[in-house]
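What follows is a set of notes on a single structure, which appears directly below.
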Amino acid sequence: MGRSVSQETKNQSRVHDLFSALLGAFAAFCLITSPWNVDTEGPDPFYKGPLIFPIMVLSMMILASLPACKRLFSPAGGSSWQLDGDGYPKKTLLVLGLLITMLVGLNLIGLEVSALAFLGVSLYLLGHRGPLKLIVLPLVMTGLIVLIFKHFLDVFFPTPLIAEWLWG
């Protein structure tokens with residue numbers, strides 16, 4: 001039987017919070033230095049330029065690290081600096097591998113197919129089953145990603161290499 005939510009928060013390791021806070025600090029550093037790291041010259045306005053995606057992702061990372069920062073500076077009773085010892089983070093590393101594969105897939109097979117494959121395979125590996133979660137959810141999310149980035153923000157994605165190979 002698994003642990004209850006109250007047991008998980010009561011015996012939480014502060015090492016996890018420290019790691020999350022460090023990731024948030026690194027994201028803040030990258031966000032602050034992003035204008036110097038990303039070439040912003042060009043005719044596109046700010047919201048369509050190459051800086052919009054790093055700003056969105058780094059901002060989400062900073063926001064996601066704020067609860068860990070709060071817990072780090074005001075720890076709950078019973079929290080310790082000892083790791084929980086639940087073992088190897090297999091699912092996390094699988095999703096990381098899929099994210100890296102998706103980046104390669106963006107250039108090879110395009111945004112639509114790589115996003116759909118990433119979402120479908122990730123949900124399956126994380127234990128989600130059923131047609132709603134494995135078919136409908138990835139289709140809706142892929143549609144939203146394409147709608148937001150390709151049509152609303154007008155972000156340029158190159159023609160997939162496979163299309164160039166097949167149709168010249």
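If you go through the stretch 73-99 and keep only what is modelled with pLDDT of 85 or more, within 27 Å of residue 157 (Cα to Cα) and exposed (fewer than 12 other Cβ atoms within 10 Å of the Cβ), you end up with 97, 99.
Taking the stretch 141-168 as the range and being assigned to a helix (DSSP H, G or I), surrounded by 13 or more Cβ atoms within 10 Å (Cβ to Cβ) and either not hydrophobic (A, V, I, L, M, F, W, C) or not assigned by TED's automatic domain parsing to the domain that holds residue 110 (or both) as the test, the residues that pass are 142, 143, 150. Note on the stretch 16-33: residues that are surrounded by fewer than 15 Cβ atoms within 10 Å (Cβ to Cβ) and more than 18 Å from residue 67 (Cβ to Cβ) amount to 3. For the stretch 100-140, taking the residues that are under 24 Å from residue 19 (Cα atoms) and surrounded by 11 or more Cβ atoms within 10 Å (Cβ to Cβ), the one that is modelled with the lowest pLDDT is identified as 126.
The values are calculated or read from the model by the stated rules, or taken from the named source; none is laboratory data. Quick caveat: nothing in here was measured; it's all calculated off a predicted structure. Using ideal geometry, Cβ is built from the backbone for each residue, glycine included, and neighbour counts are taken over all protein chains shown.
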